[in-house]
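Remarks on the structure that follows.
The values are calculated or read from the model by the stated rules, or taken from the named source; none is laboratory data. Being a predicted model, the structure only gives us computed values, none of them experimental. FYI the Cβ positions are ideal-geometry reconstructions off the backbone, even for glycines, and counts take in every protein chain you see. Heavy atoms of the whole protein, side chains included, go into the accessibility calculation; ligands, DNA and RNA do not. Shrake-Rupley method; radii C 1.70, N 1.55, O 1.52, S 1.80 Å.
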Protein chains: 4
Amino acid sequence: MKNLKLTSLSSDDRKRTVVTVDNVKIGEDFVVIAGPCSVESEEQTIKTARKVKEAGANMLRGGAFKPRTSPYAFQGLGLQGLKILEKAKRETGLPVVTEVTDPRDVSWVCEYADVLQIGARNMQNFSLLKEVGKVDRPVLLKRGINSTLEEWLNCAEYVLAEGNQNVILCERGIRTFETYTRNTLDLGIVPSVKEVSHLPIIVDPSHGTGKLSVIEPMSLAAMAAGADGIIIEVHCNPCEALCDKDQAMPPDVFAALMKKLAALRSCMHEMDQDKKNIIVHRMKNI
Amino acid sequence: MKNLKLTSLSSDDRKRTVVTVDNVKIGEDFVVIAGPCSVESEEQTIKTARKVKEAGANMLRGGAFKPRTSPYAFQGLGLQGLKILEKAKRETGLPVVTEVTDPRDVSWVCEYADVLQIGARNMQNFSLLKEVGKVDRPVLLKRGINSTLEEWLNCAEYVLAEGNQNVILCERGIRTFETYTRNTLDLGIVPSVKEVSHLPIIVDPSHGTGKLSVIEPMSLAAMAAGADGIIIEVHCNPCEALCDKDQAMPPDVFAALMKKLAALRSCMHEMDQDKKNIIVHRMKNI
Amino acid sequence: MKNLKLTSLSSDDRKRTVVTVDNVKIGEDFVVIAGPCSVESEEQTIKTARKVKEAGANMLRGGAFKPRTSPYAFQGLGLQGLKILEKAKRETGLPVVTEVTDPRDVSWVCEYADVLQIGARNMQNFSLLKEVGKVDRPVLLKRGINSTLEEWLNCAEYVLAEGNQNVILCERGIRTFETYTRNTLDLGIVPSVKEVSHLPIIVDPSHGTGKLSVIEPMSLAAMAAGADGIIIEVHCNPCEALCDKDQAMPPDVFAALMKKLAALRSCMHEMDQDKKNIIVHRMKNI
Amino acid sequence: MKNLKLTSLSSDDRKRTVVTVDNVKIGEDFVVIAGPCSVESEEQTIKTARKVKEAGANMLRGGAFKPRTSPYAFQGLGLQGLKILEKAKRETGLPVVTEVTDPRDVSWVCEYADVLQIGARNMQNFSLLKEVGKVDRPVLLKRGINSTLEEWLNCAEYVLAEGNQNVILCERGIRTFETYTRNTLDLGIVPSVKEVSHLPIIVDPSHGTGKLSVIEPMSLAAMAAGADGIIIEVHCNPCEALCDKDQAMPPDVFAALMKKLAALRSCMHEMDQDKKNIIVHRMKNI
């Protein structure tokens, strides 16, 4: 892991980055980002935004630009989608995370987005990375579908090298030979990132598994593995979702998950507390 | 997932297999199997066995036959190793899990082993599967390093088809392009297995990550994902381990992990309890 | 392979695309594109261009924009590099293939390039694909490092859907677990492409293997598998190459390879002739 | 590639192993092994054997023990199959290659087989490797579906270390994310093997691609890449094949392939001759 001048965890102070978005602190609190895969309509987006807010989500996700395998698949609503997200933020107070796919769009998407997402397919789109490195919006950098930790951190380095220090890493599943789930969520990357980098890391169990029934256990597992948050696809009416229908979580399932996460969070918190007490105790006895 | 006549979860009764080994019930309790990668000496094995027993492990692992990439690497102590395991069991009461690699060894290894392990490299060694299918010892079937869920369950089917119903599946990491960890632990396979099969599934975070620092968070994550247990490599003196040194956990780190697992277990238990209460409550109101 | 309206081989006329660049016909002749990985200086580029021209290459390759894993690695000479390529073309008459990585660069890079290359990392950079789909330069579309045939052809479809029909596919090796070679060249993709698409396909054995000793046999194998050409990295002074040193072929080795390719080409040509004669013969006898 | 004491190419004499089976010399001539995937009946086997003999094949393949993913799939005829192969040899004179899957079968299968095949799933079945290392039959060692060159050569080392020096390596395709072909044939492994080991290497384009239309070009490509032979599945009546129907080649297609291989062989031979002449010429001038 050489040449990661800005991304590496300093062995001196071991200081970790906390990315602040409005009142949300990624890298400090466990953060839940939720919302539809893509912004389909004002009604769908605002209805979903209210539901996830109600259940306790901290931020709203929603795609206005959708990179799709086929040129004939739904490509997103573009500017109209961004305006809907802006309205959803006004109504719920939730900061907005949305994807940007073209370096020419970065500056004006910043008018609508609180966090700029770089998708897995664009992880090594260096022109785009340099562009988001120049603006004052945090960047959610998804891991490429077959990238190593080293390649991923080098992409973060591209952003940091341009001056933008606010990068949030996001594990979203890698391509393996397993076909039962859509991708294979690599939770081992979470403690691995923590070991070598100061950047916060969240997990996307929706894309990471592509299977509704697997999302809840993997969300809990992500927290247990030490992730700084999760990003979940919630849709007010999953069977009508225009994309990624099989992984869209209905609002009531999401609300139940949030309760479990809260229970697990306090359990994990106590563990950490115990650990700190032991350290304090040991230090007193020296 | 066709033709898995015996391995599939019945959609009628959804009954799950519980494998009983002495007083340990795999599929009911969360089970921790711990011990050295390979049996190196009586002293090393018994010392380690005592330590893991003390920390609360339920079973002892240890290899007497070691399948190694190179013919010139340490191949295990064979019969002598089995005798040491037998002694370790007498001293600690822990049932013994050990690997068998040759169909000709199955019958006599049963004299010493409480559970027969089939390693990842032998997952599709059908002669061996048929042989362990004929004996009355539970089988711990590791997932092949690049096997799909369907291929794995078909291997379990080979064992069940011979009459042995006591198969415990074990996820031990798959080969991916990530090199920071030795393998990539696929925790998503845990809820996937639960969805299609009645067999219990445990997780091996030691081989699955190959990195001491990642084992603890992945053990907690395995529990959070719904695994029925974990199998961990513990060595009384890791730096002297004859194989897989980098993933050998010292006894005190293991003891600390066991405490965290206990805390997490009661948290998970409450969540399940809440879920059951809600169901009971709903049923009363019908 | 649904929805590949423009990229599919028509089952009616089975007509294949021939891409014409100056006097080179890709899809008709076997084409050899050669030159340095990156344009490093006027001297290096022109010297190499002359050597490959002398040995019989049909086109010149050379990177002015280099997408590199690390932001601190040599990123290419940019415009200056393009001007050097232009000069090399003037001196040798070889048409120029060069990579474009940013949608904002497409229009002006066209002033210098005869063929626009889309690199493996940008295969699914849809903004870039749409942009090169709007200009009148042929596009050399490399396969992504872990892309399926279907994903790749969908990317070609993005270009064709914008109006540019001149796409040349390029297999450049996929990432596998083999580490002896840098990538694994998938020659089976050549007849596979021929079976489903009318687009020409060439092979890059330099990136595909990353190992000088393996490039010659794989170049011959590519021809035997039915490829429409190869693209080879040649450097007038390999040990001084600024990138991908291990795969840079010295001019004399390249010249020897060209002779073998010529011999193999006439052998392959006779085979095809025999096949046609048999068909003609059969038709006469009906 | 350390510790490959017996398998490595000696840097002193660079002597290569030639495995002799009756009058066939693998490692010297280009060898074609052909026949059905599995022995299904006397009629099918002998009919196919005669056809491949007629077309110029050097050896007969046919499986009597079939390792299958599902326990309920056709498992081969066993001893009866071996007797049929023996009869086919008597009728055609072709030496027989057949798979062995269980260490307990090795000694008696030797009564019927001229070459013992170790399948991809058993590449790391070390008990089996040690057993075939003790008999006086050449071993055809297939590469595991996701094995590296180093792992593979270590398996050959297991055989050689037991005393059997006659190992033929066989590339049979690796598992990748491409689904158009069943596996991805890694022809780059051919020159890679030649670089580090003295053992001969052949290629299996039938399993390696799983697609009839791709087998011919990949057979030619295998020869062009420098392979010592190929092993092809031919069935006298492909649509009735009990296994691997999609890759079974009809006898007339096989005969046409053999003609092309002959043409290519003489072309390749001339290339080698030219190379030798140049060397001789250079040596004379020193």
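Annotations for the structure displayed:
- Mean accessible surface per residue for the stretch D:169-286, computed with a 1.4 Å probe while every protein chain stays in place, in Å²: 38
- Closest approach to the axis - chain B beta-carbon, rotation onto C, Å: B:Phe177, 4
- Projecting 7 Å from Cα along the Cα-to-Cβ direction, the label point of C:Cys239 sits 4.2, 6.4, 7.1 nm from its equivalents in the other copies, listed shortest first.
- Diffusion constant of the stretch C:1-99 at 4 °C, which comes from Stokes-Einstein with the Kirkwood Cα-pair radius and 1.567 mPa s, µm²/s: 85
- The charge dipole of the stretch B:41-191, taken about its Cα centre with unit charges on the Cβ atoms of Lys, Arg (+1), Asp and Glu (-1) only, comes to about 480 debye.
- Each residue of the stretch B:121-131 was assigned a 3J(HN,Hα) from its phi angle through the Karplus expression (A = 6.51, B = -1.76, C = 1.60, θ = phi - 60°), giving 5, 9, 3, 9, 7, 5, 4, 5, 4, 4, 5 Hz with x at Gly and Pro.
- Short-range pairs are left out: with C-alpha atoms under 8 Å and at least six residues apart, the relative contact order of the stretch C:192-286 is 24 percent.
- In the context of the full protein assembly, C:His235 retains an accessible surface of approximately 10 Å², using a probe radius of 1.4 Å and ignoring ligands and nucleic acids.
- Inter-copy separations for C:Asn277, label at 7 Å along Cα-Cβ, nm, ascending: 2.4, 8.9, 9.2
- Mean shadow area of the protein assembly as shown, taken as a quarter of the surface of its Cα convex hull (nm²): 48.3
- Chain C - Cys residues lacking any other Cys C-beta under 4.7 Å: C:Cys37, C:Cys110, C:Cys155, C:Cys170, C:Cys236, C:Cys239, C:Cys243
- Degrees between helix B:251-285 axis and first principal axis of chain B (Cα, 0 to 90, nearest 10): 20
- Taking the Cα centre of the protein assembly as shown as reference, the dipole from Cβ charges on Lys and Arg (+1) and Asp and Glu (-1) amounts to some 0 debye.
- Per residue Cα convex hull volume in Å³ - calculated over chain C: 134
- In the assembled protein chains, C:Arg175 presents an accessible area of approximately 50 Å² (probe radius 1.4 Å).
- Note on the stretch D:112-171 and the stretch D:206-280: Cα centroid distance 23 Å, given to the nearest whole angstrom.
- Extension gain for B:Val18-B:Tyr72 works out to 15.5 nm (0.36 nm per residue, less the C-alpha to C-alpha distance).
- Taking each DSSP H run with n ≥ 4 as -39500 (n - 2.57) and averaging over every residue of the protein assembly as shown yields -12500 deg cm²/dmol at 222 nm.
- Sequence of B:Asp244, C:Asp102 from largest to smallest accessible area, 1.4 Å probe: B:Asp244, C:Asp102
- Counting from the shortest, the label point at A:Asp13, 7 Å from Cα toward Cβ, is 6.4, 6.6, 6.9 nm from the same position in each remaining copy.
- Rg(Cα)/(2.2 N^0.38 Å) for the stretch D:33-152, N = residue count: 1.04
- Modelled spin-label separation between A:Ser213 and C:Gln165, with each label point placed 7 Å from Cα along the Cα-to-Cβ direction: 4.9 nm.
- Length-normalised contact order for chain D - Cα pairs under 8 Å, 6+ apart - percent: 19
- Over the stretch A:127-286, volume per residue of the alpha carbon convex hull, in Å³: 154
- The heavy atoms of C:Asp252 present about 110 square angstrom of accessible area, all protein chains included, probe 1.4 Å.
- Rough spin-label spacing in nm, given labels placed 7 Å along Cα→Cβ, for C:Asn237 and B:His269: 7.4
- Farthest toward positive dipole pole in the stretch C:85-158 [+1 Lys/Arg, -1 Asp/Glu at C-beta], among C:Thr92, C:Ile145, C:Ile118: C:Thr92
- Counting only GluC sites (Glu not before Pro) that DSSP places in a loop and that have at most 16 other Cβ atoms within 10 Å, the longest clean stretch of chain B runs over B:163-286.
- Residue order for D:Lys130, C:Lys5 - accessible surface, 1.4 angstrom probe, largest first: C:Lys5, D:Lys130
- Taking the protein heavy atoms of the stretch B:14-150 in the context of the full set of protein chains, the accessible area attributed to carbon and sulfur is 43 percent at 1.4 Å.
- Relative contact order %, the stretch A:39-164, counting alpha carbon pairs below 8 Å whose residues are six or more apart: 20
- Cα-projected label distance for B:Glu42 with D:Lys134, points at 7 Å along beta-carbon direction, nm: 3.0
- Diffusion constant of the stretch B:93-179 at 25 °C, which comes from Stokes-Einstein with the Kirkwood Cα-pair radius and 0.890 mPa s, µm²/s: 189
- Net charge dipole, chain A: roughly 340 debye, given to the nearest 20, about the Cα centre with Cβ charges of +1 for Lys and Arg and -1 for Asp and Glu.
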